[in-house]
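Asker: Shown below is the structure under consideration.
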Amino acid sequence: MRSAAFFDLDKTILAKSSSFAFARPFYKEGLIGRADVIRSAYAQFVFLASGADHDQMETMRAYMSQLVTGWDVLKVKGIVGDTLDEVVDPMVYQEAVDLIDEHKALGRDVIIISSSGTDIVEPIGERLGADLAIGTQVAIEDGAYTGEILFYAYGEGKAEAMRSLAEERGYDLTASYAYSDSQTDLPMLEAVGHPVAVNPDSELRRIATERGWPVVDFARPVAMREQRTRRSAVAAGAGVALASVALGLTWYARRRGAGGRI
């Protein structure tokens, strides 16, 4: 059976919160107000200082639902696409990039799974050469977000996605790896045979130490655009195209396409 490597995004691959990192470009384009920028900055500080617990993640869920209601989907995708390299430059951990390359060299699929929205997670996953990127799904009607969250990529939801993906693609989870920084991702880490705590919050560090899980600390952020240039050069040299984000996962596709929603 095949194996895979599952990566959380924020504080695992990226040095900041991917969602809150886009507060300024969203403000500039009129999607959010000044109060939302300030709130996002504060949430970013709390997230980086102590990690997010269950209550904070649920608060973020409600905030995300309320905030994006009515946003034009194509406008959001355009903003993310135009500012992605600038916003996350530099915030990609070199150690994470090296791990991704190592797993791919060993024949493992690399899956990024994050509570941030798909319109942010998928382009980042593509830049990093991931085989699949899974994010929180918000319903869409008439080209705009309704605010209804169809799938929240958090906690047990991540583990559910991993088990469904393993069943569909034939992954052996006992031979697979998972990387995360937060104790809220315990279900994700417990779903595989090789869990790794990355830049863990205090609770996850304690649990990892008790259970004998590897604990690693990443500290070398690098530019996203450098990684994109390097991967483009490698792909061109090999005469193949860059790996795109594949959305073949059955349950995920259902959520993205149910009733004309994504």
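Taken together, the values in this text are just the output of simple stated rules run on the coordinates, not laboratory data. Predicted model only: the values in this text are computed from it and were never measured. Here Cβ is always computed from backbone atoms with ideal geometry, including for glycine, and neighbour counts include all displayed protein chains.
Asker: Calculate, in nm to one decimal, what R61 and K75 gain on full extension: separation in residues at 0.36 nm each, minus their alpha carbon distance.
Answerer: Going from the current span to full extension adds 2.9 nm.
Asker: What's the exposure ranking of I100, I120, I112, I207, going from fewest to most Cβ atoms within 10 Å?
Answerer: Working: I100 21, I120 24, I112 28, I207 18.
Arranged by neighbour count, lowest to highest, I100, I120, I112, I207 become I207, I100, I120, I112.
Asker: Among I124, I79, rank each residue by its count of other Cβ atoms within 10 Å, from fewest to most, as a rough exposure measure. Please report the intermediate quantities before stating the final value.
Answerer: Values: I124 25, I79 19.
Result, fewest neighbours first: I79, I124.
Asker: Further question: In nm, to one decimal, how far is the modelled label at A223 from the one at E167, with both set 7 Å along Cα→Cβ?
Answerer: For the pair A223/E167, the computed spacing is 4.5 nm.
Asker: Which entries in the list K28/K158; K11/K104; K11/K158 go over 28 Å, if you measure between the two C-alpha atoms of each?
Answerer: Details: K28/K158 32 Å; K11/K104 21 Å; K11/K158 16 Å.
Going by Cα-Cα distance, K28/K158 fall outside the 28 Å limit.
Asker: Further question: With a 10 Å Cβ neighbour count serving as the proxy for reagent exposure, in which order, fewest first, do H194, H103 appear?
Answerer: Working: H194 16, H103 21.
In order of increasing Cβ crowding within 10 Å: H194, H103.
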